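See below for the structure under consideration.
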Amino acid sequence: MNNEKQQLMQESLKIAKTIQSQIHKTVLMSSAARNYKVIPNGLMFNISNTSKYKYATVKIVLNGLDYYDITIFNVRKKIVDTKKDIYCDQLNVILDDLLEKKDWLKTCPDSQYYIKKESV
């Protein structure tokens, strides 16, 4: 039983590292991401001072279909936003969309949201 638990933790650690590596560093830095925690099949971290949230917790979990589910919790641990079935290449744009207000994103020429909307 202990060996099974250890194997599950190693698998979860690998998934968490993969998720973190797929998020662009500027998305993490601009949201002051910190206190990373490995959770079963995912990653959890705190953010602060985005245009939408003063403080919040982001939970990203790999679901059974090989997509990501993202959940945002406020300070009181209440769910304030969710997105399901996210492809890995959509992760940065979706996180920007969840953490920043749309009018703020439009003022940032370097934002992936801005680039995506302009190229469409």
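The values are calculated or read from the model by the stated rules, or taken from the named source; none is laboratory data. Given the structure is predicted, the values throughout are model-derived calculations rather than measurements. All Cβ positions, even for glycine, are placed from backbone atoms using ideal geometry, and neighbour counts span all protein chains on display.
Numbers at a glance
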| item | result |
| --- | --- |
| Residue in segment 100-109 that is closer than 20 Å to residue 11 by Cα and either modelled with pLDDT under 95 or in contact with a Cys (Cβ under 9 Å, 6 or more places away or on another chain) (or both) present | no |
| Positions within segment 57-79 being among the β-branched types (Val, Ile, Thr) and at pLDDT 95 or above, in sequence order | 57, 58, 60, 61, 70, 71, 72, 79 |
| Answer from 85, 81 - the residue that is loosely packed, with under 14 Cβ neighbours inside 10 Å, acidic (Asp, Glu), in contact (Cβ under 8 Å) with a residue 12 or more places away in the chain and assigned to a strand (DSSP E or B) | 85 |
| Complete set of residues in segment 15-27 that are within 15 Å of residue 68 (Cβ to Cβ) and surrounded by fewer than 17 Cβ atoms within 10 Å (Cβ to Cβ) | 17, 18, 20, 21, 22, 24 |
| Residue in segment 34-56 that is among the hydrophobic types (A, V, I, L, M, F, W, C), surrounded by 15 or more Cβ atoms within 10 Å (Cβ to Cβ), at pLDDT 95 or above and in contact with a helix residue (DSSP H, G or I) (Cβ under 6 Å, 6 or more places away or on another chain) present | yes |
| Single match in 12, 30 (criterion: modelled with pLDDT under 90 and either surrounded by 12 or more Cβ atoms within 10 Å (Cβ to Cβ) or within 15 Å of residue 92 (Cβ to Cβ) (or both)) | 30 |
| Single condition residue 27 does not satisfy, out of (1) outside any helix (DSSP H, G or I); (2) touching a residue at least 60 places away in the same chain (Cβ under 8 Å) | (1) |
| Enumeration of residues in segment 33-68 that are closer than 16 Å to residue 97 by Cα, of a type outside the set (Phe, Trp, Tyr) and either within 14 Å of the chain's Cα centre (by Cα) or in a strand (DSSP E or B) (or both) | 33, 47, 48, 50, 56, 57, 58, 59, 60 |
| Answer residue from segment 57-69, given it is charged (D, E, K, R) and buried (at least 17 other Cβ atoms within 10 Å of the Cβ) and is nearest to residue 13 (Cα to Cα) among those | 59 |
